[in-house]
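The values are calculated or read from the model by the stated rules, or taken from the named source; none is laboratory data. Just so you know, these numbers come straight off a predicted model, no measurement behind them. Virtual Cβ from ideal backbone geometry, glycine too; neighbours counted across all protein chains shown. Note: accessible area is taken over every heavy atom of the protein model, side chains too, but ligands, DNA and RNA are not part of it. Shrake-Rupley method; radii C 1.70, N 1.55, O 1.52, S 1.80 Å.
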Amino acid sequence: MEEETGGEIAGEDNRLMVHYCTESSIMGPGIGKGYSQGMTKSSGEPEDPRVTRTRRDVIRASAASLLERGWTATTHAEVARRAGYSKATIYAHWPTPVDLMRDTIARICEDTTPPPMGGDLREDLHTSLSALAWTLSEGRYDRLMASVIEHAGDNENARELQERLYETATAGIRDVLTSHLRRDDVEPCLAMLVGAVLVRATYEGRSVSPGFITDIIDRALTDVEHGGGH
């Protein structure tokens, strides 16, 4: 099937800033590994460049809609409008909303890289938690998480996507803790730190200040130390 020529994606002036992403990750021309010109079919044959372009354009548009408006509003019709393709083309590649969300969230996650670490536990935690806080408040990750959680209640596929988003959002923090703490202390400390930032930024809608981050790090590590951690 011959692919249509996609139009300019609406809203590109509002650059997507996803958790630790580079500026060109989702909205830029180099969308990433999965939809590069070297993408191959499962048979090992190179994919038609027109198909590659279509999938790249659609996933970019879908990611923009998902972060701006949430899961429910990111319909095949809305993505088709943003990307400049027909709904028939979108359905041909992604027959169901879950299919489209799976590839969209995969792209967001693949474009996510933790900030560089320096080796100091408290400083690295502060850097990682600050990045998470920024993403929740400015990168629209809070809306994305809320949308996926809403659908995860009665959809197993959505629950898998929820788990992947959480793992991606907390990967840098987890790596820092794993490098410095006993294995048994990592998960409780991670839950305490991430939970505090999530509640502050998402549920309370308040600013996550540097002082707040320093305070929760001190509290979490004090609990670990009193429990026999390093």
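Apply the Karplus parameterisation 6.51 cos²θ - 1.76 cosθ + 1.60, with θ equal to phi minus 60°, to every residue of region 212-224 and state each ³J(HN,Hα) to the nearest whole Hz, in sequence, with x for glycine and proline.
Running phi through 6.51 cos²θ - 1.76 cosθ + 1.60 with θ = phi - 60° gives 4, 5, 4, 5, 6, 5, 4, 5, 5, 6, 5, 4, 5 Hz.
When the chain is fully extended, how far beyond the present Cα-Cα distance does GLU110 get from THR214, taking 0.36 nm per residue of separation?
34.5 nm
Could you derive backbone 3J(HN,Hα) for region 122-131 from the dihedral phi with the Karplus parameters 6.51, -1.76 and 1.60 (θ = phi - 60°), listing whole Hz in sequence and x where the residue is Gly or Pro?
So the J values, rounded to whole Hz, are 5, 5, 5, 5, 4, 5, 5, 5, 5, 5.
Determine the per residue accessible area of region 38-194 with all protein chains present and a 1.4 angstrom probe, expressed in square angstrom.
So region 38-194 comes to 45 Å² accessible per residue, rounded to a whole number.
Using alpha carbons only, what's the Rg to Rh ratio of region 142-222 with Rh from Kirkwood?
Using Cα coordinates only, the ratio equals 1.01.
Evaluate the distance, in nm, between pseudo-label points positioned 7 Å from the Cα of TYR91 and of ARG164 along their respective Cα→Cβ axes.
Once both label points are built, they end up 2.4 nm from each other.
Please give the peptides 117-124, 56-63, 89-96 ranked by average Cβ packing (other Cβ atoms within 10 Å per residue), highest first, as a rough proxy for protection.
Ranked by mean Cβ neighbours within 10 Å, highest first: 56-63, 89-96, 117-124.
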